[in-house]
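The values are calculated or read from the model by the stated rules, or taken from the named source; none is laboratory data. What you are looking at is a predicted structure, and each value in this text was computed from that prediction instead of being measured. Methodologically, a virtual Cβ is constructed for each residue, glycine included, from the backbone with ideal geometry; neighbour enumeration extends over all protein chains shown.
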Amino acid sequence: MMPSLSFTYWSALVVAGALALYFGGRQVGNASGVARLRDMSATGALGYSLLVVTLYQGIALYFGPGATFFKWAVHGVVGFGIAGYLFQQLGRHVGTRATKKLFRSMPVTAALGILLILAYALIAIFADFIAPYGQAEIFKDANLLPGGDPGMGGSPDHLLGTDQIGRDILSRLIYGAQNTVGIAFVTTLLAFFIGISLGFLAATIGGVLDQVLSRIVDMLMSIPQLIFALLLMTIATAWFGSEKGMVTLFMILIIAVLDSTRVFRLSRAVGMNIVVMDFFEAAKLRGEKLSYLIFSEIAPNAFAPLLAEFGLRFCFVFLTIASLSFLGIGIQPPLADWGTMVRDLSQFIAYAPFPVVGPLTASLPLMAAGAIALLTVAVNFVVDWMLHRASGLKE
Amino acid sequence: MNNVAMIISKRLGLGVLTMFMVSIIIFSAVNMLPGDFAQALLGQSATPEAVAAIRKDLGLDKPIHTRYFDWLIGVMQFDFGTSFAKANFATYAGTTADVNFGSVADQIAPRFANTLFLAAVTAAIAVPLSLLIGVLAALYRYSIFDRIANISTLTSISSPEFFVAYVLILLLAVLNPVFPSLSNIHDGMDFAQKLQKTMLPALTLTLVVTAHMMRMTRAAIINLLASPYIEMARLKGLSPFRIIVFHALPNALAPIINVIALNLAYLITGVVVVEVVFVYPGVGQLFVDSVKIRDIPVVQACCLVFAAAYISLNLLADVMSILSNPRLRLPK
C-alpha cells in the first residue's frame, strides 16, 4: 500500500528537483528572457518540485497493486469534479437569464455543492419511493457485503449489503437522509424561528428586554454546546423517561434552543443596523405596529445575511445531531440514522487488510460517515461562495 | 500600564461572574431532577422515613440556596460529591475500608490529566502546522497551493470528527499499522508509549482544528497586506517572505493568538466524540458514559469542568489580544 521507496529518498528527490528548477530556471530564464523562470523564488521552486513528485507518487500508487481505497478516493474526487463541472455548464446554458448569470459567476465547488444539496433533498423527500426495502425490515442474510456479487459475499438483492442484524444498508442510507437531514432541517428552522423573532424584538424594542435577552444568551453561550446538550438530554430523559419518540423530540427542542442563541446574536446585530436607518425611523413615526415594523421593514432587509447563516447553522446542527446519535443519545432505533449506522458498523473497519473482500467490508461504516461528510461539505461550498459574493471580494 | 490593568481586571471580573452564573445554571438544572441522592442510595423500595433520615443527615432538607453554597464551597476544594453509580449503602455508612470509593473527584482527576495530555499533544502539532500553512497560503494566495489548501481545509472543517477519525484509523492503524487504533493509556506507561497511543486521537483533532486556524491566519495576514506600510515595504523591494514574516506577522499576532485560544476552546467539544471513538480514558468518555447511565453528580462535575476550561480559554484569548495590542499597552 505504501510506496516502497523510503521517505528520505523522496524528500531528497524533492529538494534536488527544487534546486535544479531554481538554478536551472535562472540560467534558462537569463538566456531566453522569460521572467517567470528567471525570477522564480526558492520556495516556489520547492512547491513545484513537491507537486510533481506527489503527482508521480499518486499515479504510481493508483496503477500499482492493492490500493483499493486510494482508487476509490481518486474516483470519488474526479467523479464529483466532473459532475460539478457538467452541472455548472448546464446552468450556464439552460434556464432564465438571471440563473445563467448566477451560474457564470459560480466556481465549480459551489455548483457541485448545489447539485449535491438538490440530490440529498430529492432522496430525502422521495425516500419511500426510492428505497428498495423498509428501514426496519430484517432479512435472514445478515452481514452481506456491498457490491451485489454472490462470489464476493454480496447479493444482487442487497446492492450495498446488509448490516449485523440483516437490514438492507442501501434502504437505511436512503431513509437516513429522510430522518437525519429532515430532523436537522426542522431543528434549524425552529432555531431560526426562535432566534430571529427574539433578535428582531430585542433590536426594535431595545431597553430592558434587549439587556435581559442578551445576558441570557451570553450565559447559554458560555457552556460548550455539545456538553450543554448532553446535560439537558440527561435531565429531560430523567424527567420524562426515555421513550424513543420522546428522546428525539427533546433533542430537537434542546438543540433548537441552544442554537437559537447564535441566530439571536446575528439577527439582533443585523436588526440594530436597520433600526437606525431613516426609513425605519419614518415607519416608526407613522405609528406602524410592531408586527409591521418587524415583518415589513426589518425582515426583507435582513434576508441575505441570514440566508448564508442558515446554511452554516444547518451544518452545525446536522453535525451535532449526527454526533449525538453516534454517541447513542440522539435519534433512536429502529429509525435509520447515519450517526447510529456509523457506530453500529464501526468494528468492520478492522477487516480492511484482508485480500479481496477486506476493502468491501471496511467500506460499510465509511458509507454512512461519508454521507454525512458529503452533505456538510456541499453546504459549506455553497455558503463559502455566498459569503464571498456578499462581501464583494473580487479576486 | 494602568489602563491595561484596569481593562484586564474588568475582563477577569466578568469571567468570574460568568463562571458563577454557569455554576448556578448547572446546579439548578441538576436539582430540578426528580429523585435525589438519598433515593439513589436506597433504591426504589426505600421507606419514606429512611429517605428522610438520610436527607437530613446529608443536609438535603436544607433550602436550595444553602445547598448551593455548600456545593460551591465543596467544588472549590475539588469535592464534587459522590457518584450515584458507585454509591451504595456500605460506602455511605462507612463500613468499607475505602472511604473515598465512589467520589466524583477521584474519577475525574486522572482522566482530566489524560485529556489535558491529549489537548497538549494536539496543540503542539496543530499550532505550528496551521501557522505555517496559513502563512504559505497568504504568501501564495490564489495559486494552486492556496486553492488546494482552501478546498481541503473546507472539507476537513465540515466533516464530522468521527469520519476523520475512522479514515485515519483505516489509513494509519489498519492498512499501515503505524499507530494503534485503541488509545487505552494508563499510568504505568512511559512517555513514548503514551505519545504513540495518543497519536491518532491527536491527529484527528489536529485535522479538525488546523483547518480553522489556518483559514483565520490566512485571512488575518491578507487583511494586513492591503495596508499602506506593506505597500511601502514592497516598493522598497523587500522579498515577499520578509514582508510577511517581519512586517505583517507581528501585527497579525493579535487575531492569530485569539484564533488559537478559541480553537483550543473548540477542542473541548471535539474531544468528547474523539475520546469515545478511540476509547481514550479522558473526561469526555466519562461524561458520555455517565449521561447514558444518568449518573447526575458525575455529569454535573464534568459539565462544570468543561465549562470552566471553555470560559478560561475564552478569557485567555481576550486578555492576550488586549496585551498584544500596542495601542492599549502603551497609552499616549
- [ ] Just name the residue that is nearest to the chain's Cα centre (by Cα) out of those in segment B:310-322 that are modelled with pLDDT of 80 or more and more than 9 Å from every other protein chain (Cβ to nearest Cβ).
- [x] B:LEU313
- [ ] Within segment B:191-199, identify whether any single residue is more than 26 Å from A:LEU226 (Cα to Cα) and of a type in the set (Ser, Thr, Tyr), and answer yes or no.
- [x] no
TODO: Would you confirm whether any residue within segment B:216-228 is away from chain A (no Cβ under 14 Å), more than 21 Å from the chain's Cα centre (by Cα) and not in a helix (DSSP H, G or I)?
DONE: yes
TODO: Considering only residues that are touching a Leu at 6+ places or on another chain (Cβ under 7 Å) and in a helix (DSSP H, G or I), look in segment B:148-166 and name the one that is nearest to the other protein chains (Cβ to nearest Cβ).
DONE: B:TYR166
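To keep it simple, each residue is scored yes or no on (1) under 23 Å from A:LYS71 (Cα atoms); (2) without any contact (Cβ under 8 Å) to a residue 60 or more places away in the chain.
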site: B:TYR140; (1), (2): no, yes
site: B:ARG147; (1), (2): yes, yes
site: B:ILE151; (1), (2): yes, yes
site: B:SER158; (1), (2): yes, yes
site: B:ILE222; (1), (2): no, no
TODO: Go through segment A:16-74 and give me each residue that's β-branched (Val, Ile, Thr), over 30 Å from B:LEU168 (Cβ atoms) and at pLDDT 80 or above.
DONE: A:VAL28
- [ ] Output the number of residues of segment A:322-344 satisfying the condition of being at the interface with another protein chain (Cβ under 10 Å from one of its Cβ atoms) and either closer than 14 Å to B:PHE162 by Cα or charged (D, E, K, R) (or both).
- [x] 10
- [ ] Report yes if some residue within segment A:95-105 is outside any helix (DSSP H, G or I) and within 28 Å of A:VAL377 (Cβ to Cβ); otherwise report no.
- [x] yes
Task: Test set (1) surrounded by 16 or more Cβ atoms within 10 Å (Cβ to Cβ); (2) not in a helix (DSSP H, G or I) - A:LEU112 fails condition number - done: (2)
Open item on the list: A:ALA283 - would you say it is among the aliphatic types (A, V, I, L, M) and within 34 Å of the chain's Cα centre (by Cα)?
Closed with: no
Open item on the list: Just the residues that are within 14 Å of chain A (Cβ to nearest Cβ), in a helix (DSSP H, G or I) and within 24 Å of A:THR68 (Cβ to Cβ), please, taken from segment B:167-215.
Closed with: B:VAL167, B:LEU168, B:ILE169, B:LEU170, B:LEU171, B:LEU172, B:ALA173, B:VAL174, B:LEU175, B:LEU200, B:THR204, B:LEU207
Open item on the list: Just the residues that are touching a residue at least 24 places away in the same chain (Cβ under 8 Å) and within 11 Å of another protein chain (Cβ to nearest Cβ), please, taken from segment B:279-293.
Closed with: B:VAL283, B:GLY284, B:GLN285, B:SER290, B:ILE293
Open item on the list: Given the criterion buried (at least 23 other Cβ atoms within 10 Å of the Cβ), assigned to a helix (DSSP H, G or I) and away from every other protein chain (no Cβ under 14 Å), identify the matching residue among A:PHE200, A:PHE193, A:PHE228.
Closed with: A:PHE200
- [ ] Quick one: count up the residues across segment B:116-147 that are within 14 Å of chain A (Cβ to nearest Cβ) and of a type in the set (S, T, N, Q).
- [x] 1
Task: Residue identified as within 14 Å of chain B (Cβ to nearest Cβ) and either assigned to a helix (DSSP H, G or I) or among the polar types (S, T, N, Q) (or both) among A:GLY29, A:GLY47, A:GLY91 - done: A:GLY47
Open item on the list: Just the residues that are closer than 19 Å to A:ALA73 by Cβ and within 7 Å of another protein chain (Cβ to nearest Cβ), please, taken from segment A:345-363.
Closed with: A:ILE349, A:ALA352, A:PRO353, A:ALA362
Open item on the list: Looking only at segment A:364-395, count every residue that is in a loop (DSSP other than H, G, I, E, B) and either modelled with pLDDT of 85 or more or more than 8 Å from chain B (Cβ to nearest Cβ) (or both) and tell me the total.
Closed with: 4
TODO: Determine which member of the set A:LEU50, A:LEU61, A:LEU13 is of a type outside the set (S, T, N, Q) and in contact with a Phe, Trp or Tyr (Cβ under 6 Å, 6 or more places away or on another chain).
DONE: A:LEU61
Task: Unmet requirement for B:ILE296, which otherwise passes all of (1) of a type outside the set (D, E, K, R); (2) within 18 Å of the chain's Cα centre (by Cα); (3) at the interface with another protein chain (Cβ under 8 Å from one of its Cβ atoms) - done: (2)
Task: A:GLN164 being within 24 Å of the chain's Cα centre (by Cα), among the polar types (S, T, N, Q) and assigned to a loop (DSSP other than H, G, I, E, B) - done: no
